[in-house]
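> Pasting a structure below so you can have a look.
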Amino acid sequence: MDKNDKLRRNSHRISRRRFIEGSLAVLAGTGLAGYKGLFASDVPSRYKELRIREYHTLGRTGFKVSDIGFGSGELTEPALLEAVLDAGINYIDTAENYRRGRVERTIGTAIKNRSRKAIFITTKLVLRKNETKKDVLDRAYKCLERLQTEYIDCLMIHKPSTVEQTKHDGFHAAIRELKAAGKVRFCGLSNHGSQWQEEPETMEKVLLAAAEDGRFDVMLFVYNFLQREMGERILTACKEKNIGATLMKTNPVLNYLETQEMIERAEKEGRQPSEYLKRLIPRLKERADKAEAFKKKYNLANYEEVRDAAVKFVLSHPDVHSACLTIKNYSDLEAYVSLSGTKFDSVERKRLSAYKEIFGDFYCRHACGICESKCPHRVPVNTVMRYNHYFKSQGREKTAVLKYASLETNRADFCMDCAGYCEKACPYGVPVQSLLVLAHQTLTLA
Ligand code: SF4
Ligand code: SF4
């Protein structure tokens with residue numbers, strides 16, 4: 001079976017699973033999660049009453065953005081974005097490559113009859129090394145066409161892995177021309193760590209250099225309660241240079257209710273005993289017991305209560321302008337808009353501290369990559385674990401499987417027969433070899 005057959009097969013399996021889950025959600029009356037083909041006029045009134053309560057000035061752009069931003073990676077229906085805009089979310093983050101331009105087209109359909117001045121749209125380009133000014137201009141004009149708009153508020157370099165990539169001559173020459181023509185207002189960049197396609201540099205190194213460079217007006221990066229240090233330093237630099245600070249990966253919470261499922265999978269696999277699973281199963285069992293105790297102590301009905309505390313944690317930071325959250329459906333919209341303007345309280349602080357103590361070493365820090373240079377096979381540890389996070393914690397199963405199948409580097413199948421050099425190098429004690437093996441199973445639907 002070639003790579004494309006595998007992609008199609010996995011995509012079909014995911015679609016079927018999503019369909020069943022979506023149908024169950026509707027039957028159970030839990031909202032509109034997974035619902036497709038909804039028209040704006042069909043949106044129930046409770047979603048129409050949602051309102052953003054806080055706006056912040058996005059650095060030197062001067063634009064007042066909603067504290068909750070819209071991460072559009074899973075957008076398929078204009079009606080969902082219309083509901084998002086009606087709720088007062090006005091920061092829209094997208095990219096040229098999200099669903100191969102289809103997300104930009106959907107945004108274009110949703111915004112074409114609205115006041116353009118009330119919305120801030122950021123789109124992003126993954127740059128190739130030898131691209132010229134003309135190449136970048138062509139791509140930017142295609143974004144404008146798909147978005148059906150006269151201008152893009154911010155055009156970003158999408159996830160540059162090195163400082164060198166942030167200085168891309170073709171991009172900066174194109175930005176000058178686009179700004180002069182009134183087609184782009186500001187310039188920015190995003191970063192969530194490297195993909196190990198070339199010698200990587202940390203998110204912090206890339207973004208601090210970009211802040212010094214002076215040409216970037218807005219940044220999108222990782223900051224959450226388990227991955228704080230790099231993000232804190234970048235937030236400080238953004239404040240000093242008056243750069244707009246927007247965040248991603250704000251929720252690092254593993255759905256702890258899945259610990260039991262992980263045990264079952266590991267035990268099944270453990271019928272052919274292997275060292276990495278023998279080591280993991282006792283740790284998982286201990287975690288499952290602690291998860292039960294944690295739920296009881298904090299009277300938690302579901303994992304979303306921890307997720308909400310994680311989002312409030314970043315919203316409470318005075319230098320954060322907008323947290324871009326992936327809103328896949330109306331249930332997400334309701335959950336996230338309800339958090340707008342809320343602040344982290346002492347009960348939530350205790351919950352997150354307890355969570356960190358119990359589960360903190362199961363979280364492969366987004367944008368980290370410290371251990372990757374130790375891997376003899378150059379497996380992009382952090383990227384694989386990020387895709388696993390999309391699948392397990394963000395409910396973006398299809399996206400995660402497709403991204404994993406398209407990796408241009410080695411995948412985690414190498415991890416089964418390895419001495420675990422990455423795990424020994426991890427300063428956070430993440431049992432990452434076993435987690436990589438489980439992630440490989442998840443992401444290949446094995
Ligand atoms: S396993 Fe540890 S060192 Fe490696 S990327 Fe994850 S958090 Fe960083
Ligand atoms: S387990 Fe081995 S092969 Fe897998 S990422 Fe770690 S060092 Fe590389």
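> Which of R287, R116, R228 has the fewest other C-beta atoms within 10 Å, and how do the rest follow up to the most?
Ranking R287, R116, R228 by Cβ neighbours within 10 Å, fewest first, gives R116, R228, R287.
> Excluding residues fewer than 8 places away in the same chain, name every one of the lysines whose C-alpha is closer than 20 Å to that of K296.
Result set, ordered by chain and number: K285, K350, K356.
> Using the Cβ atoms and a cut-off under 12 Å, what net charge is assigned to the surroundings of Y55, where Lys and Arg are +1 and Asp and Glu are -1?
+1
> Taking 7 Å along the Cα-to-C-beta vector as the label spot, tell me the K134-D213 distance in nanometres, rounded to one decimal.
2.4
> Something else about it: Say the dipole of segment 84-199 comes from +1 at the beta carbon of Lys and Arg and -1 at that of Asp and Glu; which of A110, A95, V184 then lies farthest toward its positive end?
The residue sitting farthest along the positive end of the dipole is A110.
> Quick one: length gained pulling E286 to T409 fully straight, 0.36 nm per residue minus the C-alpha distance?
Answer, rounded to one decimal: 40.9 nm.
> What ranking do K285, K249, K129 get, fewest neighbouring Cβ atoms within 10 angstrom at the top?
In order of increasing Cβ crowding within 10 Å: K129, K285, K249.
> To continue, here is another question. Suppose R0 equals 41 Å; then what is the FRET efficiency for M416 and R349 from their Cβ-Cβ distance, rounded to the nearest 0.05?
0.55
> Still on this structure, I have one more. What ranking of H172, H321 emerges when the number of other C-beta atoms within 10 Å of each C-beta is taken as an exposure proxy, fewest first?
Placing the least packed residue first, the sequence is H172, H321.
> Mind checking which aspartates and glutamates have their Cα closer than 13 Å to the Cα of K343? Skip sequence neighbours fewer than 8 apart in that chain.
List returned: E54, D67, D308.
> In addition: If amide hydrogens are placed 1.01 Å from N in the peptide plane, which non-local residues have theirs closer than 5 Å to the one on V184?
I152, K179
> Still on this structure: Please state the charge dipole magnitude for segment 199-245, taken about the Cα centre, from unit charges on C-beta atoms (+1 on K and R, -1 on D and E), reported in debye and rounded to the nearest 20.
My answer is approximately 180 debye.
Every number here is computed from the coordinates shown, using simple stated rules; none is lab data. None of these values were measured; they are calculated from a predicted model. Positions of Cβ are backbone-derived with ideal geometry, glycine not excepted, and every protein chain shown enters the neighbour counts.
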